[in-house]
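Every number in this text was worked out from the coordinates using simple rules, so none of it is lab data. Note that the structure is predicted; figures quoted are calculated from it, not measured. Methodologically, a virtual Cβ is constructed for each residue, glycine included, from the backbone with ideal geometry; neighbour enumeration extends over all protein chains shown.
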Amino acid sequence: MNAELTKKALEKVGNPNVLINLISRRVRQLNSGAGAISRPLVTETGNMGAADIALLEIVEGKIGFDMPEVSELTRPAKKRARKR
């Protein structure tokens, strides 16, 4: 993978774990050969691999993503044991 493209894509996404998931999903789509979804969304692919194409698509804004809202987790209240 191209280090420069990786840095630019990470600036756009913000979270490295999300970036990895985006790249891996897109690489699977590109390698699947399933019609239109397996075609690159960028014109200049040259001699790039699937991961670099996915990174370039992210950098150019061809692929979008939604981050879920973060919600605080709370522990449920402990139930009192019943005495007999």
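The table that follows gives values for the structure above.
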{"read-out": "Stretch gain in nm, segment L10-E44, where the contour uses 0.36 nm per residue and the Cα spacing is subtracted", "value": "10.2 nm"}
{"read-out": "Local electrostatic count, L5, Cβ distance below 14 Å [Lys/Arg +1, Asp/Glu -1]", "value": "-1"}
{"read-out": "Spin-label pair E60/N2, simplified geometry with 7 Å Cα→Cβ offset, distance in nm", "value": "1.0 nm"}
{"read-out": "For the chain, average projected area of the Cα convex hull in nm²", "value": "9.4 nm²"}
{"read-out": "Given charges at beta-carbon only (K, R positive; D, E negative), |dipole| of the chain in Debye", "value": "1420 debye"}
{"read-out": "Residue-wise HN-Hα coupling along the range 56-62, computed from phi with Karplus coefficients 6.51, -1.76, 1.60 (Hz; x: Gly, Pro)", "value": "5, 5, 5, 4, 7, x, 7"}
